[in-house]
Amino acid sequence: MTDIVGVRAREILDNRLEPTLRVTVETPAGTGTADVPAGRSRGTREAVEARDGGGRYRGRGVRTAVSTVEDRVAPELRGRSVTDQRAVDRALLELDGTADLSDLGGNVVTGVSLACLKAGAAATGRPLYRHVGGATAARLPVPFLDMIEGGELSGSDLPFQEHQAVPVGADSFAEAIRMGAEVYYELGDALADSYGQASRNVGDEGGYNPVGMGDPREAFACLWEAIEELGYGDSFALAADVAATHFYDSDAGCYDLFGERLGREDLLALYEELVGAYPLVSLEDPLHEEDFAGFAELADRLDVQVVGDDLFVTDPHRLERGIERGAATALLLKVNQVGTVTEASEAARLATRNGYAVQVSERSGQTPDTWLADLAVGLGAGQIKTGVTRGERTEQYNRLLAIEDELGANGTYGADGFAEP
Ligand code: PGA
Ligand code: ZN
């Protein structure tokens, strides 16, 4: 009853009005449909997406990927059980046969893998987070809320991609979101007063785009002021996704920041200054994606969580290299960076075994599909980041609120233990 009888795909649209894949896996006992997210601020080592090229949708169409799912993947998977996720994922990787998934396309592999996962949950009659994590899955993640946006995902002049508020002192996920929402309203009013009404405009992940603000120190100052204004100083910490790869000039070997050319040491000094001035607890991609040594030095020097996104690309092999060198303290987990659910889960297990925290993450291109929220609870990740506003983000929060209700007294919210594996 759990054997795959059909695999279908459609071209749908994400939050940027760009095409993406929606895959459906059918069994007699239940069906799963999953949408594939898409990154814009991508790591060089990520799996390669299948895009059609040409003029249609500026080359971003996924019609070829739809055909690949139906003509090449479906015959291979028919008759396999959706309850054996490992075997399905192995079959996908073997069918592709490349290291970067450029044959089938990373989006094809991720879409089929996730749809199989959801079909497995449907066929066994369990909520998705239980299907992923078993009966003990009960940890609600701490949300890293992207309040002010910069970098590649926004129209602001800020070089850092995300300036996040982290509700570390809330008693529950519901309290965390309520307090986070109140900070968001307060910050919106303050930014409109100081930087003009257009500062309420938001980026791809729903964070504000303050007009004329170009210095992360200013962003953290405004964010912290809004938090303190509400009397929430004891309940919040700050964090950043610097996404430093995207302002690194690899030819010149330096970072283009504030109209200057900065070296690794200058950047480390800036982080030291920020950590001294604000309760900054986490830095994602503080240096460019190949600087394992710089990451290790930072992790050694500063008492903050160091998160590897472009650095690890959710690849167990790169994570292993990072662990050996002490390059970080946390893994950012994005399924479509690596390809399959099995590989992403392996990366999470490897991280946890080595004392690394896991932060489950959206992509800047998303749909309202909420597998991400279930995956975070299923993996027992202490942290999630999924932007802040816009429907495709708030749906993840709505799903986590529902899971917390469902778990009742059995649910735990990570609070200040977010950095524990
Ligand atoms: P992306 O950005 O989804 O566009 O890659 C998010 C991030 O860098 O964390
Ligand atoms: Zn990132």
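To keep it simple, each residue is scored yes or no on (1) open to solvent by 10 Å² or more (accessible area, probe 1.4 Å); (2) at pLDDT 95 or above; (3) in the same structural domain as L401 (by TED's automatic domain parsing).
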{"site": "L95", "(1), (2), (3)": "yes, yes, no"}
{"site": "G150", "(1), (2), (3)": "no, yes, yes"}
{"site": "D157", "(1), (2), (3)": "yes, yes, yes"}
{"site": "P167", "(1), (2), (3)": "no, yes, yes"}
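Looking at the range 183-221, which of its residues are surrounded by fewer than 22 Cβ atoms within 10 Å (Cβ to Cβ) and among the charged types (D, E, K, R)?
Once the filter is applied, which keeps residues that are surrounded by fewer than 22 Cβ atoms within 10 Å (Cβ to Cβ) and among the charged types (D, E, K, R), the range 183-221 yields E186, D189, D193, R200, D215, R217, E218.
Which condition number in (1) among the basic types (K, R); (2) assigned to a helix (DSSP H, G or I); (3) more than 16 Å from ligand 1 (Cβ to nearest atom) is the one that R261 fails?
(2)
Determine the pairs where a residue that is over 14 Å from L104 (Cβ atoms), located within the range 33-52, has a partner that is more than 7 Å from ligand 1 (Cβ to nearest atom) and of a type in the set (V, I, T) with Cβ atoms under 6 Å apart, the partner being 6 or more residues away or on another chain.
Taking only residues 6 or more apart or on different chains, the pairs are T33/T24; A34/V23; D35/T367; A38/T20; G43/V313; R45/V313; E46/V313; D52/T64.
Could you check how many residues of the range 250-264 are open to solvent by 80 Å² or more (accessible area, probe 1.4 Å) and touching a helix residue (DSSP H, G or I) at 6+ places or on another chain (Cβ under 7 Å)?
Final tally of qualifying residues: 1.
Exactly one of these conditions fails for W224: (1) open to solvent by less than 30 Å² (accessible area, probe 1.4 Å); (2) under 24 Å from the mean Cα position of the chain (by Cα). Give me its number.
Unmet condition: (1).
Looking at R51, R40 in this structure, which one is open to solvent by less than 70 Å² (accessible area, probe 1.4 Å), among the basic types (K, R), part of a loop (DSSP other than H, G, I, E, B) and within 20 Å of Q366 (Cα to Cα)?
Going through R51, R40 in turn, just one is open to solvent by less than 70 Å² (accessible area, probe 1.4 Å), among the basic types (K, R), part of a loop (DSSP other than H, G, I, E, B) and within 20 Å of Q366 (Cα to Cα): R51.
Restricting attention to helices (runs of 4 or more DSSP H) lying wholly within the range 95-204, give those where 3 or more residues are more than 23 Å from T20 (Cα to Cα) and free of Cβ contacts under 8 Å to residues at least 24 places away in the same chain.
Ranges flagged: 173-195.
One residue is enough: does the range 236-248 have a residue meeting the conditions assigned to a loop (DSSP other than H, G, I, E, B) and away from ligand 2 (no atom under 16 Å from the Cβ)?
Checked the range 236-248: at least one residue is assigned to a loop (DSSP other than H, G, I, E, B) and away from ligand 2 (no atom under 16 Å from the Cβ).
The values are calculated or read from the model by the stated rules, or taken from the named source; none is laboratory data. This structure is a prediction, so every number in the text was calculated from the model and none was measured. Cβ coordinates were reconstructed from backbone atoms using ideal geometry, including for glycine residues, and neighbour counts include every protein chain displayed. Areas reflect the complete protein model, heavy atoms only, side chains present, ligands, DNA and RNA absent. Shrake-Rupley method; radii C 1.70, N 1.55, O 1.52, S 1.80 Å.
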